[in-house]
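The values are calculated or read from the model by the stated rules, or taken from the named source; none is laboratory data. In this text the structure is predicted, and so the values were computed from the model without any measurement. Backbone-built Cβ (ideal geometry, glycine too); neighbour counts: all protein chains shown.
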Amino acid sequence: MRTKLVVGNWKMHGSLATNLGLLHAVREGVATSAAQVAVCVPYPYLTQALSVLGSSLVAWGAQDVSEHAQGAWTGEVSAAMLADFGCRYVLVGHSERRSCFGDTDAIVAAKYAAALAANLTPILCVGETLAEREAGITGDVVMRQLDAVLSRCGVGSFSRAVVAYEPVWAIGTGRTASPAQAQEVHALIRSHFARENVEIADNLQVLYGGSVKGANAAELFGQPDIDGGLIGGASLVATDFLAICAAAI
């Protein structure tokens, strides 16, 4: 049985003062959690995450990574740098990176490869827009995004990775894919991997991201192919995030 994983994505929120209370609350609140828990914080706060969460059950990570190992790439942060701060996870291909910053499927695949090379666990984000869902091409979009990484890194790489399905139309909108809608895509993702390697498909953690809250988390996480969540806004309020973590059993 796959262990559930709940990852908080703080996006561009927080300060040293507000983070301190939140990190301590999460650390204490999941001390006996049955789920794996992690938070992905903005780059400047990685030191704080390391300080507060070190030796706890809560892992931490970053929200993006450069595809370049080093060099004249002003403003970029390499995977090796993230590893220096004790990161376990890094998001790659988040919908906001794809839509707002122009990360193509090829760039996402390169970032995924860079994360693996530094022994980080990439959380590969895939998902469709509302227009793509209404056009009936959700599966085509998600498979294209997965195949870009599979063709570069191979199915074996997913023994060290996580996939997060995030329907773009449900992120920060208050709209949530129904459990049946989410399960349908999660099952499609798992079956896509099973065509190449059944063992990896069976063990792969596939998370759901899209307006998950304490009130709907248990039903979503109860679906057979949903292995936890990638949580945005609700991860910024300790009680809300901990309620979601508690639902991941």
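I'd like the full set of residues that are assigned to a loop (DSSP other than H, G, I, E, B) and surrounded by 20 or more Cβ atoms within 10 Å (Cβ to Cβ), limited to segment 2-34. If the condition is that a residue be assigned to a loop (DSSP other than H, G, I, E, B) and surrounded by 20 or more Cβ atoms within 10 Å (Cβ to Cβ), then 4, 10, 30 are the ones that fit.
Based on what the data block shows, is residue 169 more than 15 Å from the chain's Cα centre (by Cα), on the phi < 0 side of the Ramachandran plot, modelled with pLDDT under 95 and aromatic (Phe, Trp, Tyr)?
On the way: more than 15 Å from the chain's Cα centre (by Cα): yes; on the phi < 0 side of the Ramachandran plot: yes; modelled with pLDDT under 95: yes; aromatic (Phe, Trp, Tyr): yes.
In short, yes.
The conditions of being under 16 Å from residue 117 (Cβ atoms) and either at pLDDT below 95 or buried (at least 18 other Cβ atoms within 10 Å of the Cβ) (or both) are met by residue 66. Among the residues making up segment 211-249, those that are in a loop (DSSP other than H, G, I, E, B), crowded, with 21+ Cβ neighbours inside 10 Å and touching a residue at least 60 places away in the same chain (Cβ under 8 Å) are 227, 232, 248.
Among the criteria (1) within 23 Å of residue 224 (Cα to Cα); (2) in a helix (DSSP H, G or I); (3) in contact with a helix residue (DSSP H, G or I) (Cβ under 6 Å, 6 or more places away or on another chain); (4) not aliphatic (A, V, I, L, M), the one residue 133 does not fulfil is (3).
Look at residue 148 and say whether it is in a helix (DSSP H, G or I), free of Cβ contacts under 8 Å to residues at least 60 places away in the same chain and crowded, with 22+ Cβ neighbours inside 10 Å. Lay out the reasoning, then the answer.
Details: in a helix (DSSP H, G or I): yes; free of Cβ contacts under 8 Å to residues at least 60 places away in the same chain: yes; crowded, with 22+ Cβ neighbours inside 10 Å: no.
Spelling it out, it is not the case that residue 148 is in a helix (DSSP H, G or I), free of Cβ contacts under 8 Å to residues at least 60 places away in the same chain and crowded, with 22+ Cβ neighbours inside 10 Å.
Taken over segment 1-22, residues that are aliphatic (A, V, I, L, M) and more than 18 Å from the chain's Cα centre (by Cα) amount to 5. Please determine whether any residue of segment 18-36 is under 21 Å from residue 163 (Cα atoms) and modelled with pLDDT of 95 or more. Yes. With respect to the numbered conditions (1) surrounded by 18 or more Cβ atoms within 10 Å (Cβ to Cβ); (2) without any contact (Cβ under 8 Å) to a residue 40 or more places away in the chain, which one is the sole condition not fulfilled by residue 91? For residue 91, the failing item is (2). Filtering segment 42-100 to residues that are assigned to a loop (DSSP other than H, G, I, E, B), more than 24 Å from residue 127 (Cβ to Cβ) and touching a Leu at 6+ places or on another chain (Cβ under 8 Å) leaves 85, 86.
Quick one: would you say residue 69 is closer than 24 Å to residue 146 by Cα and touching a Ser or Thr at 6+ places or on another chain (Cβ under 8 Å)? So residue 69 fits the description; yes. In this entry, residue 197 is excluded by the filter for residues that are under 18 Å from the mean Cα position of the chain (by Cα), surrounded by fewer than 22 Cβ atoms within 10 Å (Cβ to Cβ) and closer than 28 Å to residue 150 by Cα. Considering (1) buried (at least 21 other Cβ atoms within 10 Å of the Cβ); (2) in contact with a strand residue (DSSP E or B) (Cβ under 9 Å, 6 or more places away or on another chain), the lone condition that residue 128 does not fulfil carries the number (2).
If we scan segment 176-188, do we find a residue that is closer than 13 Å to residue 7 by Cα and either surrounded by 16 or more Cβ atoms within 10 Å (Cβ to Cβ) or free of Cβ contacts under 8 Å to residues at least 40 places away in the same chain (or both)? Scanning segment 176-188, I find no residue that is closer than 13 Å to residue 7 by Cα and either surrounded by 16 or more Cβ atoms within 10 Å (Cβ to Cβ) or free of Cβ contacts under 8 Å to residues at least 40 places away in the same chain (or both), so the answer is no.
Can you confirm whether residue 115 is closer than 30 Å to residue 24 by Cβ, part of a strand (DSSP E or B) and free of Cβ contacts under 8 Å to residues at least 60 places away in the same chain? Steps first, please.
On the way: closer than 30 Å to residue 24 by Cβ: yes; part of a strand (DSSP E or B): no; free of Cβ contacts under 8 Å to residues at least 60 places away in the same chain: yes.
For residue 115, the condition - closer than 30 Å to residue 24 by Cβ, part of a strand (DSSP E or B) and free of Cβ contacts under 8 Å to residues at least 60 places away in the same chain - is not met.
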